[in-house]
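Reading through the structure tokens given below for one structure.
Any read-out appearing in this document is the output of simple, stated calculations on the displayed coordinates, not a laboratory observation. The model shown is predicted, which means the values in this text are computed figures rather than measured ones. Cβ atoms come from the backbone with ideal geometry, glycine included; neighbour counts cover every protein chain shown.
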Amino acid sequence: CFNVRISCSARQAGFTLIELLVVVFIAGIMAGLTVMSVGGNTEREFKRDVARIQQVLNLATDEAQFNGEELGLFVAADGKSYSFYRFDEKEVEWVPYDKHGFTSYPLTLKLEIEMIGEPVDLAELYKKIFKLDDKVTAYGEEPIIPLVVFFSDGDYTPFRLWLSNSYVKESVYTIRGDGLGTIHSQSVAAREKPE
């Protein structure tokens, strides 16, 4: 009977092989789920940023038409942020558009703009039409000239944006607008992007 007690207490102190296998199996599943949720995070963020920019650009076409004013997209020289400007006809200059959703937005990706045709400089057109003198704007020595202009009639200047992420090497995205319709995005192989 004494031997039976020893084996009973020894059995209670340890784990069976099946219990250990169940614990290892559950730990393996948890580790796999963690790797899956963290592994594709950069690509998911990249797609989310592309979708956000596309939505904002489509919204800009509606916003310009609804408010009856011209909006301009300005991309920072380093491609790490973009902002919107409103054309002030009275002052004949582009002023920051501070409406929610259109304010300056920093990016986790690089944004490069390719113009399809010539950019439209509304300030220069107004100066020629109304014979106005040049002046230094309140926002610096160089006047803002957005490359993409969303007109109040619903049209916009044709463009293509190239979006790349340094952590996603195999593909880039393009957001393209033909100047008349909806703005679309698509993924393309990184080798197709012009240098």
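Some observations on this one:
- Annotation: peptides 19-30, 145-156, 103-114, ranked by per-residue average of other Cβ atoms within 10 Å with the highest first, follow the order 145-156, 103-114, 19-30.
- Given charges at beta-carbon only (K, R positive; D, E negative), |dipole| of segment 65-105 in Debye: 220 debye
- Here's the list of aspartates and glutamates a cross-link from K193 could span, going by alpha-carbon distance under 17 Å and ignoring same-chain residues fewer than 8 apart: E112, E114, E170.
- Across segment 96-107, computed HN-Hα scalar couplings (Karplus, 6.51 cos²θ - 1.76 cosθ + 1.60, θ = phi - 60°) run x, 9, 8, 5, 3, x, 10, 6, 3, 9, x, 10 Hz from first to last residue, x flagging Gly and Pro.
- Residues whose amide H comes within less than 5 Å of that of Y97, counting only those at least five positions distant or on another chain, are F84, Y85, R86 (H built at 1.01 Å from N in the peptide plane).
- Nonlocal amide H pairs with D121, under 5 Å, H built at 1.01 Å: none
- For S187, net neighbour charge (Lys/Arg +1, Asp/Glu -1) across residues whose Cβ lies under 15 Å away: +3
- Taking θ as phi - 60° and the Karplus parameters 6.51, -1.76 and 1.60, the scalar couplings of segment 56-64 work out to 5, 5, 5, 5, 4, 5, 5, 4, 4 Hz in sequence order, x denoting glycine and proline.
- Under Karplus coefficients 6.51, -1.76 and 1.60, residue-wise ³J(HN,Hα) of segment 173-184 in Hz, glycine/proline x: 10, 10, 10, 10, x, 8, x, 10, x, 5, 8, 10
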